1. Does Gly16 satisfy the criteria of being in a loop (DSSP other than H, G, I, E, B), in contact with a Ser or Thr (Cβ under 7 Å, 6 or more places away or on another chain) and surrounded by 13 or more Cβ atoms within 10 Å (Cβ to Cβ)?
2. Ile70: β-branched (Val, Ile, Thr) and farther than 16 Å from Ser106 by Cα, yes or no?
3. For the range 9-31, name all the residues that are within 22 Å of Thr99 (Cα to Cα) and at pLDDT 95 or above.
4. Go through the range 41-62 residue by residue and tally those that are within 14 Å of the chain's Cα centre (by Cα) and either open to solvent by less than 60 Å² (accessible area, probe 1.4 Å) or small (Gly, Ala, Ser) (or both).
5. Output the residue which, of all residues in the range 1-13 that are part of a strand (DSSP E or B) and not polar (S, T, N, Q), is most open to solvent (accessible area, probe 1.4 Å).
6. Quick one: in the range 72-97, of everything that is open to solvent by 50 Å² or more (accessible area, probe 1.4 Å) and of a type in the set (Gly, Ala, Ser), which residue is modelled with the lowest pLDDT?
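The values are calculated or read from the model by the stated rules, or taken from the named source; none is laboratory data. Worth saying up front: this structure is predicted, and the values here are computed from it rather than measured. Here the Cβ positions follow ideal geometry from the backbone for every residue, glycine too, while neighbour counts run over all protein chains shown. These area figures cover heavy atoms from the full protein model, side chains too; ligands, DNA and RNA do not enter into them. Shrake-Rupley method; radii C 1.70, N 1.55, O 1.52, S 1.80 Å.
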Amino acid sequence: QVQLVESGGGLVQAGGSLRLSCVVSGRTFGSYAMGWFRQAPGKGREFVAAISRSGGITYYADSVKGRFTISRDNAKNTVYLQMNSLKPEDTAVYYCAVTGSSPKVSVTSYDYWGQGTQVTVSS
């Protein structure tokens, strides 16, 4: 059974920073690419960032490029999302997810999901 547990969300003022973590259990973490997605109230789930198995390849949504950084520590079975210069429009529930051997941007390409962590950015 694959389990993903996110943490690190919270309330922050605009311009602030947060670091999200996602610990994965139940499969060989280093064999799979990972992604972060978010869902704001009344909207669909959208791609934020993805990272390859080794961490050498990363993809970002245009809306977060230059502000967010995805990384992973395969020894700790953990993927991170460092979020800087946060904006009110970044407010959403953030989810991490497991995909196949290469990073992808489509929600439907991901097999397993965490329960999400709330990020709220006040203006």
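1. no
2. Yes; evaluated as a whole, the condition is true for this residue.
3. Arg19, Leu20, Ser21, Cys22, Val23, Val24
4. Result for the range 41-62: 10.
5. Leu11
6. The extreme case among them is Ala75.
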